[in-house]
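For reference, the structure discussed in these notes is given below.
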Amino acid sequence: MPVVVAFLSQKGGVGKSTLARALAVHAAESGVKVFVADLDTQQQTIKHWNDRRDSHAIQPEISVANFDDVAQALSATENSQLLIVDTSGRASAATLDIAKHAHVVVQPTGVGLDDLHPGVLLFHELVGGGIPVDRLIFALCRVLTKDEEHAAREYLGKTPYAVLTGSIAERAQYRYAQNVGRSLVETDDKSLNDRTTDLLDGLLSKMKSEIDRTKLLNSAAQRAVGAG
């Protein structure tokens, strides 16, 4: 079974699908066999983005499909190493179930209190539902200044939840790239690509560690079956 990272949020427009796409491309470029499950069957944001990517023959190719739920996605992508789950733009009754299937849950958030406060409440709800704190990570998005990023980190530093190093700036170049099927690591501005890569590297490293651990567990299980 693949290692699962789920991107979720308490509201739309904070960068969830944007980061899911960027991680998919970054992981694929690193040699990871990745699959993206778009659980937003109404908007299908990542599916439409991938159609644009295919029409421009952009490499690497990213495997994307829509699914009704995370269990369906897992059963259809069991040969992948990394399953990236993108959810709808609002928390729902299915959010806890998605989190239970995930090795890591990433919640992108804007840096204003209107985004930060409900984001923290959502993570509190997940912890109350049995999700370990160390699986829950914030990613700061739509940042305009270093001062507001610092203030957001100070606010989240008072919570038990980790925050990814780096942040995603609010830039038109990112939107231009996604309009033609590219991701935040594939813009025409190398400095913006590098900024996104800095944020994603820590997350990808964690995912690769989980993939390696899963391989070891599977190998041990196979040896035990053979010995039996």
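In the range 112-141, which residues are open to solvent by 20 Å² or more (accessible area, probe 1.4 Å), over 15 Å from residue 6 (Cα atoms) and not in a helix (DSSP H, G or I)?
112, 129, 130
Do you know which of the residues in the range 33-52 that are open to solvent by less than 20 Å² (accessible area, probe 1.4 Å) and out of contact with any Asp or Glu (no Cβ under 8 Å at 6 or more places or on another chain) is farthest from residue 175 (Cα to Cα)?
Step by step, filter the range 33-52, then rank; the result is 34.
Tell me which residues, restricted to the range 79-99, are open to solvent by 40 Å² or more (accessible area, probe 1.4 Å) and in contact with a Gly (Cβ under 7 Å, 6 or more places away or on another chain).
90, 96
For the range 62-78, name all the residues that are closer than 21 Å to residue 203 by Cβ and either touching a Leu at 6+ places or on another chain (Cβ under 9 Å) or surrounded by fewer than 13 Cβ atoms within 10 Å (Cβ to Cβ) (or both).
70, 73, 74, 77 - these are the residues of the range 62-78 that are closer than 21 Å to residue 203 by Cβ and either touching a Leu at 6+ places or on another chain (Cβ under 9 Å) or surrounded by fewer than 13 Cβ atoms within 10 Å (Cβ to Cβ) (or both).
Return the residue satisfying two criteria in turn: it lies in the range 162-177 and is within 16 Å of the chain's Cα centre (by Cα) and not small (Gly, Ala, Ser), and of such residues it is nearest to residue 122 (Cα to Cα).
Within the range 162-177, the match that is nearest to residue 122 (Cα to Cα) is 163.
Being in contact with a Phe, Trp or Tyr (Cβ under 6 Å, 6 or more places away or on another chain) and without any contact (Cβ under 8 Å) to a residue 40 or more places away in the chain narrows it down to one residue among 93, 57, 73; which is it?
Unique residue meeting the criteria: 73.
Restricting attention to the range 100-111, report how many residues are open to solvent by less than 10 Å² (accessible area, probe 1.4 Å), of a type outside the set (Val, Ile, Thr) and over 19 Å from residue 150 (Cβ atoms).
Looking only at that region, the number is 2.
For a quick check of your reading of the model, give me the residue pairs whose first member lies in the range 182-209 and is in contact (Cβ under 8 Å) with a residue 24 or more places away in the chain, whose second is open to solvent by less than 70 Å² (accessible area, probe 1.4 Å) and among the aromatic types (Phe, Trp, Tyr), with beta-carbon atoms closer than 7 Å and at least 6 apart or on different chains.
Every condition considered, the pairs that remain are 184/174.
Restricting attention to the range 25-40, and to residues there that are in a loop (DSSP other than H, G, I, E, B) and among the hydrophobic types (A, V, I, L, M, F, W, C), which single residue is farthest from the chain's Cα centre (by Cα)?
Here the residue is 32.
How many of the residues making up the range 95-130 are polar (S, T, N, Q) and either over 22 Å from residue 171 (Cβ atoms) or over 15 Å from the mean Cα position of the chain (by Cα) (or both)?
Total meeting the criteria: 1.
Per-residue answers, yes or no, for (1) aliphatic (A, V, I, L, M); (2) modelled with pLDDT of 95 or more; (3) not in a helix (DSSP H, G or I):
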{"position": "20", "(1), (2), (3)": "yes, yes, no"}
{"position": "23", "(1), (2), (3)": "yes, yes, no"}
{"position": "42", "(1), (2), (3)": "no, no, yes"}
{"position": "52", "(1), (2), (3)": "no, yes, no"}
{"position": "74", "(1), (2), (3)": "yes, no, no"}
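Keeping to the range 165-219, report how many residues are surrounded by 12 or more Cβ atoms within 10 Å (Cβ to Cβ), of a type in the set (Gly, Ala, Ser), assigned to a helix (DSSP H, G or I) and modelled with pLDDT under 95.
Of the residues in that region, 2 qualify.
Inspect all residues belonging to the range 50-57 and state whether any of them is under 16 Å from the mean Cα position of the chain (by Cα) and aliphatic (A, V, I, L, M).
no
The values are calculated or read from the model by the stated rules, or taken from the named source; none is laboratory data. As the structure is a computational prediction, the values presented were derived from the model and not from experiment. So basically every Cβ, Gly included, is an ideal-geometry build from the backbone, and we count neighbours across all protein chains shown. Heads up: the accessible areas ignore ligands, DNA and RNA and are worked out on the full protein's heavy atoms, side chains in. Shrake-Rupley method; radii C 1.70, N 1.55, O 1.52, S 1.80 Å.
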